[in-house]
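The values are calculated or read from the model by the stated rules, or taken from the named source; none is laboratory data. These figures come from a predicted structure and were not determined experimentally. In this analysis, Cβ positions are derived from the backbone assuming ideal geometry, glycine residues included, and neighbour counts consider all displayed protein chains.
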Amino acid sequence: MLTLFKEIFTWWNQQTLGTRLETFFFGKLVGKDSFGNKYYKSRSGKRWVIYNGEVDASKIPNEWYSWIHFTKNKIENNHNLEKFVWQKPHLSNQTGTKDSYHPNKNNNEVNKKYKD
């Protein structure tokens with residue numbers, strides 16, 4: 001019951017009831033990324049994503065970014081791009097988490113040296 005209540009009234013917990021109905025009746029699954037996000041398209045051309053877990057726009061990897069924003073390029077329909085060895089895997093925005101970057105957190109030894 002609580003899950004249904006959340007789905008009806010909150011958009012930040014996955015999808016709303018309206019999005020679920022639109023996806024069921026009008027959505028055509030285009031693909032799925034490595035994070036489990038599902039990408040849909042309607043006949044009218046509308047595009048949307050159903051996130052796996054918490055809703056965060058920075059969870060869209062580079063392969064799908066151009067598709068969801070209607071950007072034309074050579075690789076629009078090829079979402080399984082080969083990664084080079086030197087490329088890092090995509091991460092969502094880490095701001096506000098324990099994994100966020102803190103310039104002074106890792107450089108305490110350097111700071112102590114200059115304070116003395």
Is there any pair linking a residue in segment 44-56 that is without any contact (Cβ under 8 Å) to a residue 60 or more places away in the chain to one that is among the small types (Gly, Ala, Ser), with Cβ under 6 Å and at least six apart or on different chains, and which?
-> 52/36; 56/92
Residue list for segment 81-116, restricted to those being modelled with pLDDT of 70 or more, within 20 Å of residue 59 (Cβ to Cβ) and of a type in the set (A, V, I, L, M, F, W, C) = 91
Given (1) modelled with pLDDT of 90 or more; (2) of a type in the set (Gly, Ala, Ser); (3) under 16 Å from the mean Cα position of the chain (by Cα), number of the condition residue 45 does not satisfy | (3)
Residues that are assigned to a strand (DSSP E or B) and touching a helix residue (DSSP H, G or I) at 6+ places or on another chain (Cβ under 7 Å), drawn from segment 20-47 | 39, 40, 47
Can you spot a residue in segment 72-80 that is at pLDDT below 80, more than 17 Å from the chain's Cα centre (by Cα), hydrophobic (A, V, I, L, M, F, W, C) and outside any helix (DSSP H, G or I)?
-> yes
Output for segment 14-38, where each listed residue is closer than 17 Å to residue 92 by Cα and either at pLDDT 90 or above or not charged (D, E, K, R) (or both) | 14, 32, 34, 35, 36, 37, 38
Among what's in segment 49-64 and is over 8 Å from the mean Cα position of the chain (by Cα) and modelled with pLDDT of 85 or more, pick the residue that is surrounded by the fewest Cβ atoms within 10 Å (Cβ to Cβ).
-> 52
